[in-house]
Structures are given as structure tokens and as C-alpha cells.
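In what follows, a single structure is set out as C-alpha cells and then discussed.
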Amino acid sequence: MLLRCAFRLDPAPGQRMALARAFGCARVVDNAAIAARERARAAGEPFPTAAVLSRTLLTEAKKTLERHWLGEVSAVVLQQALRDAESAYRNYFASLEGERRGPKLGAPRFKSRKDHRQSVRFTANARWKLTETGRLSLPKIGEIRVRWSQPLPCVPSSVTVIKDAAGRYFASFVVETEPATDAERLPASDRAVGIDLGLTHFAVLSDGTKIDSPQFLRRAEKKLKKAQRELSRKQKGSKNREKARLKVARAHARVADARREFHHQLSTQLIRENQTVGVEDLAVGGLARTGPAESIHDAGWSQFVGMLAYKADRYGRTLVKAGRFEPTSQVCSACGHPGGRKPLNVRERTCPACGTVHDRDHNAAKNIKAAGLAVTACGAKVRPGPVPAQREEAGSHGIRTGARAA
């Protein structure tokens, strides 16, 4: 299984300048590739191939006075920029033709030098390496200090150097894990859990455990508003405005980092303790357009479920997603009696069939767990697919048949 491991970098001032040069050259090559394709499209000609772009935009351009400075950075960085543009167009056309899952993608756009997030990628051809002292050695940049938080499971195949909006540098390594080693780290378990995600409580488990919502953004709202007000009062283009922008970006980065750490710790705990994990497949995009949109974005449900998915795949666990239209909070988890839809302010209900008093979220978590156990037991779908109606049952056709029979 391929994973990405990111670690903080501490480049020296000279290395920061070299990285800025690499970011700029990669951006210029990427924009030139998009411009060449757009010119071909406007002229009704076929798109230039990657080999043609590599020859004209790199090999020949380095010999000119206008682009001779492209030779100051690693050639692998420029080649990867061309590959990124090629991949962007390939994904765009696949999205247009319906071959790519997910939301529709727009056409590739030009990158601006004012973008606050920059990145370059080094593959094995660049001959980058990790030194014996734990530093990252990059061609034409030097040895950069890395803040290691854990050892890498294997030798990485590539590394991407990223500068985020807050001015921080990261090295993102692509590593491949061994299934046997991962299985030894987390032995098989006989436990199962259902998770009901919410806003009052971030998660309610089927065993009755309620995990409070940290509300990282809500707690930092006062500081964020103050920093944003200070930014709005600075003159555009001034150094003070750039300082204020960094202050806002760092405040948002602290919120995002705290939320991500919370999701990692909780998802790892649930995957470690349970063999089967059931969770509801929420339409977060639709819910985020409702009244509590800010709280929904603050909770980060999609990021949390994504962590559960890849960790379950890595450690041999089973993640079951209950359908978003399943009435998990309406059906009695004790006897299965459908209680009907209830307003959101009704947090407890008594089953009219068996008299069991249910907490709304706890009852939903139990039903999600039952759905997960059903799937793992027989491999059935949580919600059966549509079944074609018989001819004598299809709408008005049956009425006409009955009229003829009469």
C-alpha cells in the first residue's frame, strides 16, 4: 500500500532562495505547457505530445537568453512539472467523458507567482538522498534539516517539497508498506463498532461512548477575527500586509493541524480496537449548504472518514458505510420497529412497540453497527439495489390488463 509521510523542514536562508528558484522554474514550465496546448486548441491542431513539449520548453529553451535560467534548477523538477500538466489535462478529459469518478473537473489553469502554496517533486532520477545524519539532500539545493517524528517504513520512491500559505516547508515522501508488517502491528480483533457522527458530539459509538466535538474553529474565532481585521487595514502590496497575511495563515494552520491531529488519534484508536467499523455515508457537500455550515466544516467529517478508510485498508480491518438514506435514527435498534421521522430537537424517543427508551444518536450508532455486521457476515449490501418491476406490476399497465380481464 502506498502512503505519504510528511515531515517539517528547516531550510537555511540560502536554501530558501534555491527552493524559491525551483518553485518559480516549475511554475513557468507548467504555464508554458498549458499555453502551448491552448494555442494548439485555438488553431484546431492536435495537442503537442510530452516529448515535443520537453524538447521545445526545456532543451531548446535553456539555450535562449530568455530562459537560460532554467538550467539553474534540477532537470527532474522541470520534467515533473510537464508531467503534472499532462496529468491535469488527462484528468480533465476523463472527467468530461464520465470516466473519472467524483465531481467534474475544470480545465487546467495558469499558476500565479502570488500563489501562497508552492511545490516541486523529486523522483529517483534526481538522485536525492537521506544522509546518515538524517538530512534531506536535494540536487542544487543542498542538505536540509528534517524534523523526524517517526522512522520511514522503507526507502521512499519520491519526495515532494511543499511550501504552504503559512510559510512552512514540508517534505512529503511516498513509501510502500508491507502487509505482513502491518498485520503484526494490529492483530485481528473480534470487536465491532458503529459510529454516528454529529455536531453536539463529534461521534457517538454503539457502546454508548460519546466523544465531544472539539470545535477548533469556534474556539479560535476571536483570534482569527482580530488577525483578519488587522490584515484588512494594511495597504495592499506593503510589507506590513504580507506580515499580517502570514499571521492569519498561521492562525488557520494551527486550527487545521489541531483538527487533523484529533482525527488521526481517534481514527487510529477505533481501527486498533475494532475489526469492523460502521459509519454513515453522509452527504457533507449538501449538508454544508444548510444553516450549520460553519460547524459542519469545522467538524471535518470527510477527512475523518477518509482516515478510517485508508487505515482499515492498511491494517486489514473492514469499514462499512451505511447508506445516507438509511433511517438509522428512526428504526428501533431493539425490535426493529420503524418509529418515523422525528425533528432534530427530539433527542430521545420511546419505541411504541417494545417500550425501549432510546437516545437518538446512540440508537443510530447501534443500527449502523448492525448494518456493518450484516455486511461482513454475508457480504450483502446495506441497501439492496433496485429490482425491476414485473410487467403486471408496472404502473398503469396493470390497470389496462385488469380492464381487459374484466
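The values are calculated or read from the model by the stated rules, or taken from the named source; none is laboratory data. Keep in mind the model is a prediction, meaning the values are calculated, not measured. A quick note on method: Cβ atoms are made from the backbone with ideal geometry, for glycine too, and the neighbour counts reach across all protein chains shown.
Numerical summary
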| quantity | calculated |
| --- | --- |
| In segment 56-105, residue surrounded by the fewest Cβ atoms within 10 Å (Cβ to Cβ) [restricted to those that are of a type in the set (Phe, Trp, Tyr) and out of contact with any Cys (no Cβ under 9 Å at 6 or more places or on another chain)] | PHE93 |
| Which listed residue, of SER87, SER95, SER119, is hydroxyl-bearing (Ser, Thr, Tyr) and not in a helix (DSSP H, G or I) | SER119 |
| Close pairs from segment 24-39: first over 25 Å from VAL161 (Cα atoms) and in the same structural domain as ARG55 (by TED's automatic domain parsing), partner in a helix (DSSP H, G or I) and polar (S, T, N, Q), Cβ under 8 Å, at least 6 apart | ALA36/THR56 |
| Residue match in segment 44-54 (condition: at pLDDT below 95, surrounded by fewer than 12 Cβ atoms within 10 Å (Cβ to Cβ) and over 18 Å from ARG90 (Cβ atoms)) | yes |
| Single condition PRO46 does not satisfy, out of (1) more than 29 Å from GLY142 (Cβ to Cβ); (2) out of contact with any Leu (no Cβ under 7 Å at 6 or more places or on another chain); (3) assigned to a helix (DSSP H, G or I) | (3) |
| Test: LEU53 is in a helix (DSSP H, G or I), at negative phi and of a type outside the set (Asp, Glu) | yes |
| Residue among PHE202, PHE170 that is within 25 Å of VAL375 (Cβ to Cβ), in a strand (DSSP E or B) and in contact (Cβ under 8 Å) with a residue 12 or more places away in the chain | PHE202 |
| Answer residue from segment 125-145, given it is in contact with a strand residue (DSSP E or B) (Cβ under 7 Å, 6 or more places away or on another chain) and either surrounded by fewer than 17 Cβ atoms within 10 Å (Cβ to Cβ) or of a type in the set (Lys, Arg) (or both) and is farthest from VAL73 (Cα to Cα) among those | GLY134 |
| Segment 146-167, subset outside any loop (DSSP other than H, G, I, E, B) and crowded, with 16+ Cβ neighbours inside 10 Å, residue farthest from the chain's Cα centre (by Cα) | VAL146 |
| Residue identified as among the polar types (S, T, N, Q), without any contact (Cβ under 8 Å) to a residue 40 or more places away in the chain and not in a helix (DSSP H, G or I) among GLN269, GLN235 | GLN235 |
| Which listed residue, of ALA81, ALA85, ALA124, is more than 23 Å from the chain's Cα centre (by Cα) and over 18 Å from MET17 (Cβ atoms) | ALA124 |
| Single residue of segment 235-251 satisfying the filter (under 24 Å from LEU217 (Cα atoms) and among the basic types (Lys, Arg)) that is surrounded by the fewest Cβ atoms within 10 Å (Cβ to Cβ) | LYS243 |
| Condition check for LYS223: of a type outside the set (Phe, Trp, Tyr), more than 24 Å from the chain's Cα centre (by Cα) and in a helix (DSSP H, G or I) | yes |
| Looking only at segment 252-310, and only at residues there that are of a type in the set (Phe, Trp, Tyr) and crowded, with 16+ Cβ neighbours inside 10 Å, the one that is farthest from the chain's Cα centre (by Cα) | PHE262 |
